[in-house]
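The structure under discussion appears below in the form of structure tokens.
Where a number appears in this text, it was derived from the coordinates with a stated rule and is not lab data. This is a predicted model, so every value here is computed, not measured. A quick note on method: Cβ atoms are made from the backbone with ideal geometry, for glycine too, and the neighbour counts reach across all protein chains shown.
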Amino acid sequence: MICDLSLPVLIASVLAASAPLIIIALGETLSEKSGVINLSLDGVVLFSAMAAFVVAKETDSLLLGFFAGGCAGMLTGIIIGYFSIYLHLSQVAVGFALSLLCRDLAYFLGNPYSRIQGPALLATKVPFYDALPSSLQIILTQPLTVWFAIFLIFALYYFFTFTRTGLCLRSVGENPAASFARGLNPGKIQLTAVLAGAFLVGIGGAAYSLSFKPGWGHPQGAEGIGWIGLALVIFGGWNPWRVAIGAMLFAFLQVSSIGLQDLFPGIPAQVFQTAPFPLMIFTLIILHYSTRKNAKQGNSKNKFQQFIGRVFMSRAPKALGRSYRQE
Amino acid sequence: MDVEFQHISKNFGSVNALTDVSLTANSGTIHGLIGENGAGKSTLMKILTGYQSKSGGTIVINGREARLNSPKEAAVLGIGMLYQEPMDFTPLTVLENFSLGNPERNRKKLRLSLQALASRFGFHLAPDRAVELLTVGERQQIELLRLIHCKTRLLILDEPTTGISPAQKKTLFPALKHLAADGITILLVSHKLEEVATLCSEVTVLRHGSVTHHTNAPFHFPELLKAMFGSVPKQKDKEAQRETGAQILQMQNVEASSERLGLKQCTVKCAEGEIIGLAGLDGAGQSTFLRLAAGLTIPDRGSVILFGKELPKNIKACLQSQRQQTSFIPADRLEEALFADISLTDHFNLKEKQHSFLGIRNNNRVQTEKAITTFSIKGEPDYAAGDLSGGNQQRLLLALLDPESRLVLLENPTRGLDIRSGQWVWDYLRNKLSPQTTILFSSPELDEILHFSDRILVFHNGLIVLDRAVTDTSHAAIAAAMTGMTE
Amino acid sequence: MKKPPTTRHLPQAAFDILSGTILVFGFTALILLIADAPVLAAFKNIWMGAFVSTAKVSQVLSVWVPLILCSCGLLYTFRVNLWNIGIEGQITMGAIAAMAALRIPGIENPTLLLIFSFFASILGGATWGLLTGLLKTRGGVHEIFGGLGLNFVAQGFILWLIFGPWKRPGIASMSGTELLDHDLWLSTPTGWRVATMGLLVAGSVVILTWLFLEKSRFGLKLKAIGQNPKATLLYGLLPERYYLKAIMITGACAGIAGFLQVTAVYHRLIPSISSGYGYLALLVVMLAGYRILLLPILALFFASLNVGSIQLPIVLQLDSSLSGVIQGCCVLSALLILGIRQKRERS
């Protein structure tokens, strides 16, 4: 079937499929740039998806649904923020426990709304649709979430690179002690970043139940996405562009796995559904491993290797995962 | 800004870090603050920059008493410090590091200020380069410019010439003089007497937490050295020189980077039975030397040959070193050699070489009790190592030392011990261990080095600047070598 | 300077447990209210669901067995500060290995097959753990992501087996492979739902783990490495070697859990053979403070929650994930109380 997919359709599908993941991964990038890792992403995605769907169904308003999803995300951000920034507990421990809690909470509270039809955000045509060639017509007909995701990439890049607040945030993630010495308040900055990031993750989760995989159920279909999001942030080097490209790569794997089924009739369909996940993680691991090797071997003469190294080499915000204690 | 320290004292529990320190630094002067390790210089500066509170005395700034309760308050008053380790943000650019903490928001204006200040001082800084690609000297330059831009009136420099090239020094010194001419007060904390002499108009010497000397330019070095290190002690009965045997340790052209400066171009041979004292100021390379021999640090270049076999250049080096009966006791006992929540008995269990059949933990309780008595450790076998006081931790480490060791490496062996305990330690090392055991030790106390070593290596800036038998050198010569003065 | 005697900690501990219990009950009640569900009925239903009959209690035990096995295994990796999230995959691979051994052609003796299967599961789980460990020590990949990736791989592998080479004759289905011959089923007392062998194995592993961790040199070495990996170099220990050993042991324990799931519970391979017990075990160990003392009873508590909530969908039209909510809440409450206490002590 992949041969049936024309290129524009493929591009359109990848864009649509990657939008929620881009929003989720960028939200987490925001949080991690300030030094706090939110390991509960998998649960938060499900929880906010559920909250968004329930609210949208009850109020018949997609806008309120998305907002509810964001708030649900922010709620988990409050917990992560308080436990790790204020109580200095292990971010990994809190994140993991919260992940399971949110997932089960989503299933439990969402139970009455399982397999029910609800409002869904459909693809909309761009204003100048009629003037476009047919291939672009296909590509550019997307739900609003796609445009939001693209906007977010630019916005976050601009925020990190050109704004003073972004600079302060990055400095806290690198060296909270030095930021403190310069008069900044690391704790406050980190909490804001975590809350904002978690809100975005919530919007991303809402994008699943209200747009990409409309509806709720047990399972919903967005299971495992949160983990991919975390992997994307790390292996995408905390850079909005690379993270987004990674998300699109994953979406491509998902889209093409449906197509590949026909090419390999011997392999059961379920394998194709799960395959993108390990493939993605191991692609990222291999990339990481090979660039690490190159970096270790010092300056390589090969220009191509140097370029690849610079593109993929990433360094975590130095203070990531460690809670800063003021002297 | 005129700063006056009046009778400042600081104690940490029962330890007196500073006693009755009084010092005045006037506007437009460069005032040097010198002293050996542990003299109290950094404590005094931490008080001035608001990181630490004082226990007594007053600080008067421009005629008014100043409350310096936090770094922010100090910064508001115009006090800025250039740290030895740059406190900056490495992946960010020069311009970004310069701008952070500055109320000015306009990027263009900040860029222009940066370029103006840089050219005024003769620094060449590319505003958009990532700081991690710069040398320490350049990172320092950015920090200096930032402090100036933030209207610092009192600038404290902590060992500013560590890790910068001679060319960068040529740029820095005039810049500092320039700043002083503008009315800024500069406090220069340094070990390097020659540099202090070039830059400062007056110098205060600290030793063991008190002011031992204050003088104006021109300076007499022997006077300063005496104030820093104390007078030459009365000739105690020096221990007899030991018989030495075959070569056991050799470093060939070793270069290593740990600590701030690491070690450069180190070629040394040590023989069986020698007791070698490693002298030098903090971070000059003695620790790296000891760790290279212990196999904990891997040389970037060159080789370490222990008992005839070269140590491998990977993590297995420390295992080979231990297999060849080398023992190492670091200065940071709890952080690097002990386990805070594990009992004394279990420490002995961990050291145990024999294995019982089923891998069951041997109960070394009896051995532990014996060790406690022999080494006078104030504690019980069930105590956790973290419960012991510093001195007792040192005794524990000595008790854990393999008495059959052929090479014993000690970093500050008598640190934190009172005189009697210190003497006991040396009695153990010299008399209870075999006379064929080679002992390499580092110490900040020149008296200890002179008294117990047969041979002395003096480290300065990562190089060995003096390698003499103890009888061929003197207190003054060692002190001079430590501060980088060539004879 | 001696540490204060433990007796001072007892009233503190009691207070903490009480506040924790109140937090958990309160939060659960709140959730039930939000879901418009009868609070007391739900609690009662869970209780009954777990304890009302010997059959039910034995079912609790059948969940307890894999849970305590995984929890004991995780004690090793936690001791050296590793987060072995890959444990789910280790259970799965142990189950696959166990199944593969049971399908060895040519051997008729069921006991022999079961013995092979048991050891195969240990090998399968340990190898899977070793892979995560090597990714960490050689590849610099954090064990969370290495483990996660391998979880996904194991999941894909088991799906392939169930829908591919090992599928039921006729239709491949999500209900798994064909049922094993009855003589390959581990025996269960009549009316009970848990295999005696399972209980014996679990009990032995608990005791062995306690001995191994507390009484052996290996356990002491792990403790030292967990506390201060830098210092252990001076005692002739290379931390990396012990990371690998610890994660292999965890994998082995998880593998045994997989073996029992196949031979004692499901008697076949199903896609969700690990049933989330790996992740649940992580929660149990966190709640137990990473120590073995309370592990068996906490595992029993979590197991009873799992089993107790099975009926919820039928009786009260509630999703059985309520047990997961309670379990997650327990851990977070414990962390919260611990964190507040530590903060008080510091200031």
field: Relative contact order (percent, whole number), the range C:51-346, Cα cutoff 8 Å, 6+ residue spacing
entry: 35
- request: Could you run the Karplus curve 6.51 cos²θ - 1.76 cosθ + 1.60 with θ = phi - 60° over the range A:73-79 and give me ³J(HN,Hα) per residue in whole Hz, x for Gly and Pro?
  value: x, 4, 4, 5, x, 4, 5
- prompt: What ranking do B:ARG301, A:ARG103, B:ARG455 get, fewest neighbouring Cβ atoms within 10 angstrom at the top?
  reply: B:ARG301, B:ARG455, A:ARG103
query: Residues with amide H under 5 Å of B:HIS213's amide H, sequence separation 5 or more or different chain, H placed in the peptide plane at 1.01 Å from N; which?
result: B:VAL205
message: Skipping prolines and chain starts, which residues have an amide H placed within reach, meaning under 5 Å, of the one on B:LEU466, given they are 5 or more residues away or on another chain?
response: B:VAL458
message: If I model a spin label as a point 7 Å beyond the Cα along the Cα-Cβ vector, how far apart are those points for B:LYS269 and B:ARG301 in nm?
response: 2.2
task: May I ask you to sort B:ASP454, B:ASP467, B:ASP427 by Cβ crowding, counting other Cβ atoms within 10 Å and putting the fewest first?
output: B:ASP427, B:ASP467, B:ASP454
Of B:LYS10/B:LYS41; A:LYS318/C:LYS245; A:LYS57/A:LYS213; B:LYS269/B:LYS432; B:LYS370/B:LYS432, pairs whose Cα-Cα distance is over 18 Å: A:LYS318/C:LYS245; B:LYS269/B:LYS432
- prompt: From the backbone phi of the range C:144-153, what are the Karplus-calculated ³J(HN,Hα) couplings (6.51 cos²θ - 1.76 cosθ + 1.60, θ = phi - 60°) in whole Hz, Gly and Pro given as x?
  reply: 5, 7, x, x, 4, x, 5, 4, 4, 4
task: Quick one: compute the contact order of chain A, relative version, from alpha carbon pairs under 8 angstrom and 6+ residues apart, as a percent.
output: 34
- prompt: Across all directions of projection, what mean area in square nanometres is found for the Cα convex hull of the protein assembly as shown?
  reply: 51.4
query: For A:SER40, what charge total do you get from the other residues with a beta carbon under 15 Å from its beta carbon, if Lys and Arg give +1 and Asp and Glu give -1?
result: -4
query: Sequence-distant or interchain residues sharing an amide H contact under 5 Å with B:GLY56, placed H: which?
result: B:SER9
Backbone N under 11 Å from the B:GLU243 label point (7 Å along Cα→Cβ), restricted to the range B:413-438: B:435-436
Estimated inter-spin distance, B:SER474 and C:LEU130, nm [label 7 Å along Cα→Cβ]: 6.7
- prompt: What's the exposure ranking of A:SER18, B:SER327, C:SER71, A:SER257, going from fewest to most Cβ atoms within 10 Å?
  reply: A:SER257, B:SER327, A:SER18, C:SER71
message: Once you keep just the Cα pairs under 8 angstrom separated by 6 or more residues, what percentage relative contact order results for chain B?
response: 15
query: What's the FRET efficiency of C:ILE34 with A:TYR86 using the Cβ-Cβ distance as r and R₀ = 35 Å, to the nearest 0.05?
result: 0.85
- prompt: Using a Förster distance of 56 Å, how high is the FRET efficiency between B:ASN11 and C:HIS9, based on the Cβ-Cβ distance and rounded to 0.05?
  reply: 0.95
task: Could you check how many percent of all C-alpha pairs in the range C:51-346 are farther apart than 34 Å?
output: 21
task: Obtain the nm distance between the two label points defined at B:VAL60 and B:ARG323 by a simple spin-label model: each point lies 7 Å from its Cα along the Cα-to-C-beta direction.
output: 6.8
query: What number, rounded to the nearest 500 deg cm²/dmol, is the helix-based mean residue ellipticity at 222 nm of chain C, given -39500 (n - 2.57) per DSSP H run of at least four residues and division by all its residues?
result: -23500 deg cm²/dmol
message: Please report, in whole Å³, the volume per residue of the convex hull around the C-alpha atoms of the range B:361-487.
response: 138
statement: Note, the range A:27-32: 3J(HN,Hα) by Karplus (6.51, -1.76, 1.60, θ = phi - 60°), whole Hz, Gly/Pro = x, goes x, 5, 4, 4, 5, 6
query: Of B:LYS46/B:LYS378; B:LYS309/B:LYS351; B:LYS108/B:LYS192; B:LYS169/B:LYS316; A:LYS33/C:LYS223; B:LYS54/B:LYS177, which pairs sit farther than 28 Å apart, going by alpha carbon to alpha carbon?
result: B:LYS46/B:LYS378; B:LYS108/B:LYS192; B:LYS169/B:LYS316; A:LYS33/C:LYS223; B:LYS54/B:LYS177
- line: Quick calc, C:ASN109 & B:LEU133: beta-carbon distance into FRET formula, R0 56 Å, rounding 0.05, result 0.20
